[in-house]
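The values are calculated or read from the model by the stated rules, or taken from the named source; none is laboratory data. Nothing here was measured: the structure is a model prediction, and the numbers come from that model. Ligands, DNA and RNA are stripped out before the accessible areas are found, and what is left, the full protein with its side chains, is counted by its heavy atoms. Shrake-Rupley method; radii C 1.70, N 1.55, O 1.52, S 1.80 Å.
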Amino acid sequence: MNEKIALIVGLLKKVLLWFILPLVILIFCFILGEQFEVGRLSAIASCEGAMNNASCIRSKGYLASAPYYPDLSRRYFGAYARMIGGDLGASYRVEPPAPALNLKPADAPPEDEEDLDEKKPVAPKEKQAADKK
């Protein structure tokens, strides 16, 4: 009976050493990289209204474009977190700001007489010729 228990204990040690411990290390690296990504995204969000976005982000310790981190450790942990998180459905993409459009509402009155003329429907020449016959 002791041989069977020793065999089971030896098997559990191998499972712990070769499966669970690497899994814990990978999960820890993902969580660490995720924290780096949260820091990077919060720096980008805080610099959203700045005059020079790239210099503002750089002043917070990040790069404005890929690879996003000036040092290798954060770069690798962040890339690992983006890879795993992207597979899980997370989006780490920062949307570029939309261009400012000066749109008028549809019910706004036209500003010029030319605008009134442009809105009148004009029949094509072929239709006018067909109507005359």
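Here are the numbers:
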| read-out | value |
| --- | --- |
| Which listed residue, of Y80, Y62, is at negative phi, in a helix (DSSP H, G or I) and at pLDDT 85 or above | Y80 |
| Complete set of residues in region 1-48 that are open to solvent by 70 Å² or more (accessible area, probe 1.4 Å) and under 15 Å from the mean Cα position of the chain (by Cα) | V38, E48 |
